[in-house]
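K.L.:
The structure that follows is given in the form of structure tokens.
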Amino acid sequence: MRKGHRPSAAQSGRTRLWGRHAVTAALANPERTIRKLWGSHEAIAALGLSPSHFPVQYAEGADLGRMVPHDAPHQGLVLECDPLPDKWLDELFELAAGPDDRRPIIVLDQVTDPHNVGAVLRSALAFDALGIVTQDRHAPPESGALAKAASGALEMMPWIRVVNLARALDEMAEAGYWRVGLTGHTKVLLGEALVPGKLALVLGAEGEGMRQNTEAHCDVLAKLPISPRMESLNISNAAAIALYAAATRA
């Protein structure tokens with residue numbers, strides 16, 4: 001059986017995306033089921049759409065603004081679509097090109113802010129990560145705010161939701177991944193904890209950090225070499241730095 005599948009009730013119904021990058025990426029994603037597109041004449045013309053199988057409706061900026069949260073930068077485009085299909089954890093392992101594939105996996109432990117998860121998706125795509133893994137119940141659903149923060153990466157970066165994060169980390173170990181948990185409560189620096197092979201970078205929620213059980217399922221705990229004048233970094237900034245370190249390791 002496939003492993004790490006989220007419950008079928010994890011997200012139901014449709015979602016609305018907005019903004020040029022998020023909408024353009026969703027329209028280009030063959031896995032995304034599109035229901036309807038609203039937009040200004042200029043924004044829709046810039047998309048260069050060919051005849052499609054979903055309705056397109058022109059709308060003024062004020063009308064589009066009422067379709068999204070207050071002050072959301074819709075850039076003249078609002079898209080209604082279905083959530084992306086569920087993915088399985090072992091499908092992520094299968095995406096690795098082989099035993100020498102060094103693309104890291106990002107694991108988020110109870111990171112619930114959609115802007116942070118979106119920013120992590122964006123950094124993961126920028127640094128060519130293999131994918132991200134989150135819990136099913138303690139992670140944000142797909143949303144316009146998350147997709148806007150991801151700047152198109154939601155459609156291109158595999159995102160796996162799992163029921164049990166500790167079990168998923170065990171499966172990563174079985175697949176040959178060295179699991180590095182980021183925390184400030186250690187003397188080991190991130191550069192010292194990285195290995196040449198397969199890597200999983202585990203980050204906890206801002207403030208609380210990783211749960212104790214998550215830390216127990218990491219091979220090593222490491223910290224970023226930040227100044228003692230700053231207690232911690234935003235989770236998305238920490239993820240970007242860790243991804244850079246993984247991309248430039250020997």
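K.L.:
Only bridges whose two residues both fall in segment 134-250 count here: according to DSSP, what percent of them are antiparallel, nearest 5?
P.N.:
Antiparallel bridges make up about 10 percent of those DSSP assigns within segment 134-250.
K.L.:
Under the rule of at least 5 residues apart or a separate chain, name every residue whose amide H is placed under 5 Å from the amide H of ALA59.
P.N.:
Residues meeting the criterion, in which the H sits 1.01 Å from N, are GLY39, SER40, HIS41.
K.L.:
Then there is this: Is segment 100-250 rounded, prolate or oblate when judged by the Cα gyration tensor, a ≥ b ≥ c being the square roots of its eigenvalues, rounded requiring a/c under 1.5 and prolate requiring a/b larger than b/c?
P.N.:
Note, shape of segment 100-250 comes out rounded.
K.L.:
Another question, if that's okay. Of the candidates ALA168, ALA22, ALA45, which one comes out as most mobile in a Gaussian network treatment of the chain with C-alpha springs shorter than 10 Å?
P.N.:
Result for the chain, Cα springs under 10 Å: ALA45 fluctuates most.
K.L.:
Extending each Cα 7 Å along its Cβ direction at HIS138 and ASP90, get the distance between those two points in nm, one decimal.
P.N.:
Each label point lies 7 Å from its Cα, and together they span 2.6 nm.
K.L.:
Which ³J(HN,Hα) values, rounded to whole Hz and listed in residue order, are derived for segment 83-94 from phi using the Karplus coefficients 6.51, -1.76 and 1.60 in 6.51 cos²θ - 1.76 cosθ + 1.60 with θ = phi - 60°, glycine and proline given as x?
P.N.:
Here the 3J(HN,Hα) series is x, 5, x, 4, 10, 9, 4, 6, 5, 5, 4, 5 Hz.
K.L.:
Here's a follow-up. Working out 0.36 nm times the residue gap between MET67 and THR186, then minus their Cα-Cα distance, what length gain in nm do you get to one decimal?
P.N.:
Separation in residues times 0.36 nm, less the Cα-Cα distance, equals 38.2 nm.
K.L.:
While we're looking at this one, here's another question. With the cut-off at 1.5 for a/c, could you classify segment 112-156 from its C-alpha gyration tensor as rounded, prolate or oblate?
P.N.:
Oblate, since a/c reaches 1.5 and b/c is not below a/b.
K.L.:
If ligands, DNA and RNA are left out, what is the accessible area of LEU154 with a 1.4 Å probe, given in Å² to the nearest 10?
P.N.:
Accessible area of LEU154: about 10 Å².
K.L.:
Additional query: Taking GluC sites (Glu not before Pro) as exposed when DSSP calls them loop (any state but H, G, I, E, B) and at most 14 other Cβ atoms lie within 10 Å, what is the longest stretch of the chain free of them, the sites themselves excluded?
P.N.:
The segment 61-207 is the longest one with no such site.
K.L.:
Which whole-Hz ³J(HN,Hα) couplings does segment 107-117 yield from phi under the Karplus relation 6.51 cos²θ - 1.76 cosθ + 1.60, θ = phi - 60°, glycine and proline marked x?
P.N.:
Values, residue by residue: 10, 10, 9, 6, 8, 10, 6, x, 5, 5, 5 Hz.
K.L.:
Looking at this model, which pairs from LYS148/LYS187; LYS87/LYS187; LYS148/LYS198; LYS87/LYS198; LYS87/LYS223 are more than 27 angstrom apart at the alpha-carbon?
P.N.:
LYS148/LYS187; LYS87/LYS187; LYS148/LYS198; LYS87/LYS223
K.L.:
Still on this structure: At a 1.4 Å probe, what is the % contribution of carbon and sulfur to the accessible area of the chain?
P.N.:
Within the chain, the accessible surface is 52 percent carbon and sulfur.
K.L.:
Pop a pseudo-label 7 angstrom from the Cα along the beta-carbon direction at both ALA126 and ASN234 and give the gap in nm to one decimal.
P.N.:
Distance between label points: 1.1 nm.
K.L.:
Sticking with this one: Taking a probe of 1.4 angstrom, what is the accessible area of THR33 in Å², to the nearest 10?
P.N.:
Its heavy atoms expose roughly 60 Å² to the probe.
K.L.:
Helix 165-174 against the longest principal axis of the chain: what's the angle in degrees, Cα atoms only, rounded to the nearest 10?
P.N.:
Approximately 60 degrees, to the nearest ten.
K.L.:
Cα gyration tensor of segment 174-250, axes a ≥ b ≥ c as square roots of the eigenvalues: rounded (a/c below 1.5), prolate (a/b > b/c) or oblate?
P.N.:
Oblate, because a/c is 1.5 or more while a/b does not exceed b/c.
K.L.:
Just LEU169, LEU92, LEU49 to compare: in a GNM of the chain, with alpha carbon springs under 10 Å, which one fluctuates most?
P.N.:
LEU49
K.L.:
With θ taken as phi - 60° and the coefficients 6.51, -1.76 and 1.60, list the Karplus ³J(HN,Hα) couplings across segment 237-250 in order, rounded to whole Hz; mark glycine and proline as x.
P.N.:
Result, rounded to whole Hz: 5, 4, 5, 4, 5, 5, 5, 4, 4, 5, 6, 10, 5, 5.
K.L.:
What net charge do the residues around LYS223 carry, taking every other residue with its C-beta under 12 Å from that of LYS223, with Lys and Arg at +1 and Asp and Glu at -1?
P.N.:
Value of the local net charge: -1.
K.L.:
Which residues' amide hydrogens lie under 5 Å from the amide hydrogen of ALA200, considering only partners 5 or more residues apart or on another chain, with H built in the peptide plane?
P.N.:
Those lying under 5 Å, H to H, from ALA200 are ILE105, TRP178, ARG179, VAL180.
K.L.:
Let me have the 222 nm mean residue ellipticity of the chain computed from DSSP H runs of 4+ only, each contributing -39500 (n - 2.57), with the sum over all residues rounded to the nearest 500.
P.N.:
My calculation for the chain gives -8500 deg cm²/dmol from helical runs alone.
K.L.:
A further question on this structure: With r as the distance between the Cβ atoms of ALA173 and ALA46 and R0 = 45 Å, compute the FRET efficiency 1/(1 + (r/R0)^6) and round to 0.05.
P.N.:
0.45
K.L.:
Give the long-range amide H neighbours of ARG35: residues separated by 5 or more places, or on another chain, with amide H under 5 Å away, using H modelled in the peptide plane at 1.01 Å from N.
P.N.:
GLU80, CYS81, ASP82
K.L.:
Here's something else I'd like to know. Using a 1.4 Å probe, what is the accessible area per residue for the chain, in Å²?
P.N.:
Here the per-residue accessible area is 50 Å².
The values are calculated or read from the model by the stated rules, or taken from the named source; none is laboratory data. If you're wondering where the values come from, they're calculated on a predicted model, not measured in any experiment. Every residue, glycine as well, gets a Cβ built from its backbone with ideal geometry; the counts of neighbours run over all protein chains shown. Note: accessible area is taken over every heavy atom of the protein model, side chains too, but ligands, DNA and RNA are not part of it. Shrake-Rupley method; radii C 1.70, N 1.55, O 1.52, S 1.80 Å.
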